[in-house]
Amino acid sequence: MPIDCASLGMIIFGGLMKSPLHNANGATGRRRQGGPMFFPRYAARILPAPLVALTLISIPVAYARGQEPPTPLSGPSFHPDGGGSTLAGWHTLGKAAWSADHGEIVGKGTGGSGWLVLDRSFQDAALYTSFQCAGSCDTGVLLRLRSAPDGMQGTFLAIKDNELKGYNLTLDKDGNPLQQKPLRSAGGQIRFAPPPDPSAPVRPFPTLPGAPPGVTIPISRPRQGIREGKWNEIELLLDADILRVFMNNGGGQASVATEEMNGYGPIALFVGKDCEVRFKNVAYKDLAIRKDLAEEVGSGFRMQRLSPYYYGWSAAVADFNHDGKMDIVSGPFIYFGPDYLTSREIYPAEAYNASTQYSMNDWVEHAYDFTGDGWPDVLTTSHAGGGKDGAVLYVNPKGESRRWDKYKVVPVIQSEETVLKDVDGDGKPELVYEAEGYMRYGKLDPANPTGPGLCTPFQKKDHGRRTASVRATSMAMEGWTF
């Protein structure tokens, strides 16, 4: 039997000393008393010195001749929201047979290829799993699986033999592949993929050069490709419009541009026809949700900072997630009450340099249920670029963990300040602003709130003083006199 110093400790103490992992505090990582650091002091009281010394020597694991030790699995780099190795919370699609067997999920493509689909949807997500193929490997992971005119589509990572390739995959309603379009390579250090350049040469994912002739490097490079007949591990990180993939701690990698970032749907595991794949340690995380730690300040003080970065000029308040607590929207993020440490973005976040740049996306933000569905939406206004950005409506997705659908509802705004006021007395607020030298108000069509708003001038042409004009008009509506 294989013996190491940890198992020897179990033999001597009859279970008092387990492996070092059993003596780590799961929450803090600190070792508890009675672990390996405590062992020499305790053992010296009851055992002869030679035996104590023996227990402190790391004894190589013994294996049969020609047998390699199992490759350790490192696990995910993220803290999972969920996972496991059972079929609970999943459903099948296609002809493959799926089962759970002693902590493993087994997919068999004897009757054809198929999918195991998670009963939970994501937009930005992380997935980790270890997998083992019986014979030839034909497997993969599909993310953002959603409806399409021809059936379904999503972002697919194909794991076939020794290749990792990304595709935009289209399926029919039964899960059979209809079309797969290869995805182009993307950058490794940026969040958003640069626009495609048709004239640029194809750039494969870079590979590391080998050691110069006659030089032996102290650390051997991980073996590339799939470990045949052994457990492999893979991690996928899909954020915005880039999918990044890492296999076997350097044994394979990929970075591809999805060409879209608004897809939303479940994750699915794939097994190809006549292939058998085992999965275990499946773990996933919603990357759209961000959690910050509370600020640490001196006794008697409390500090609340939403963000250290400059995204926008304004903020608004509403209960965006229907939990009975007021939330704050500022720039691209909603900060959820009551502690405002958890946030998510409603549009792709891009920080600005406060020394040299103005925020372009929103100068003023408003919160109101503009669509009338009972969920507060967000209206942003900006006069950047000569006012061409206008007013943009972001529609609340009613609790779905994704970015919000975006609609331009007012074409031109040339005032820094905008306000929401019930101008026509119908009990619903209109957007008061200035454009083309006139004070105006924009009213969304109740029958088509995401369409162009009806914009009506109600004041004589003004040559300047835009912010003051909007504020003065708003105050006059409330009964102020000047």
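The values are calculated or read from the model by the stated rules, or taken from the named source; none is laboratory data. From a predicted model like this one, the values you see are computed outputs, not experimental measurements. Positions of Cβ are backbone-derived with ideal geometry, glycine not excepted, and every protein chain shown enters the neighbour counts. Calculation scope for accessible area: heavy atoms of the full protein, side chains included, ligands and nucleic acids excluded. Shrake-Rupley method; radii C 1.70, N 1.55, O 1.52, S 1.80 Å.
Label zone of S136 (point 7 Å out along Cα→Cβ, amide N under 19 Å): in segment 254-283 this covers 270-278. Partner lysines whose Cα lies under 16 Å from the Cα of K421, excluding those fewer than 8 positions away in the same chain, are identified as K443. With all protein chains in place and ligands, DNA and RNA left out, the 1.4 Å accessible area ranks Y441, Y368, Y309 as Y309, Y368, Y441, largest first.
Straight-line cross-link partners of K95 among the aspartates and glutamates, defined as a Cα under 20 Å from its Cα and at least 8 positions apart when in the same chain: E104, D119, D138, D150, D172, D174, D274, E276. Segment 260-289 and segment 357-396 have Cα centres separated by 34 Å.
Looking at the square roots a ≥ b ≥ c of the eigenvalues of the Cα gyration tensor of segment 159-295, which shape do they give, rounded for a/c under 1.5, prolate if a/b is larger than b/c, or oblate? Intermediate results must be reported in sequence, preceding the final value.
Details: a/c = 1.33, a/b = 1.20, b/c = 1.11.
Rounded is the answer for segment 159-295, as its axis ratio a/c remains below 1.5.
For the pair R191 and A97, a Förster radius of 41 Å applied to the C-beta separation gives a FRET efficiency near 0.55, rounded to the nearest 0.05. Using a probe radius of 1.4 angstrom, the carbon and sulfur fraction of the accessible surface of segment 170-267 is 60%.
So which of K398/K428; K160/K398; K165/K408 end up more than 32 Å apart, counting from Cα to Cα? Numbers along the way, then the final one.
Details: K398/K428 21 Å; K160/K398 38 Å; K165/K408 36 Å.
In this structure, K160/K398; K165/K408 exceed 32 Å between Cα atoms.
For the cross-link pairs K291/K325; K108/K273; K230/K285, the ones whose C-alpha atoms lie over 19 Å apart are K230/K285.
Starting from the Cα of S220, step 7 Å toward the Cβ, then list every residue of segment 247-288 with an amide N under 17 Å from that point. Under cut-off, by backbone N: 248-252.
Based on the convex hull around the alpha carbon atoms, segment 380-440 presents an average projected area of 5.1 nm². Return, ordered by residue number, the residues of segment 311-329 whose backbone nitrogen is under 19 Å from a label point located 7 Å along Cα→Cβ of A294. Answer for this model: 325-328.
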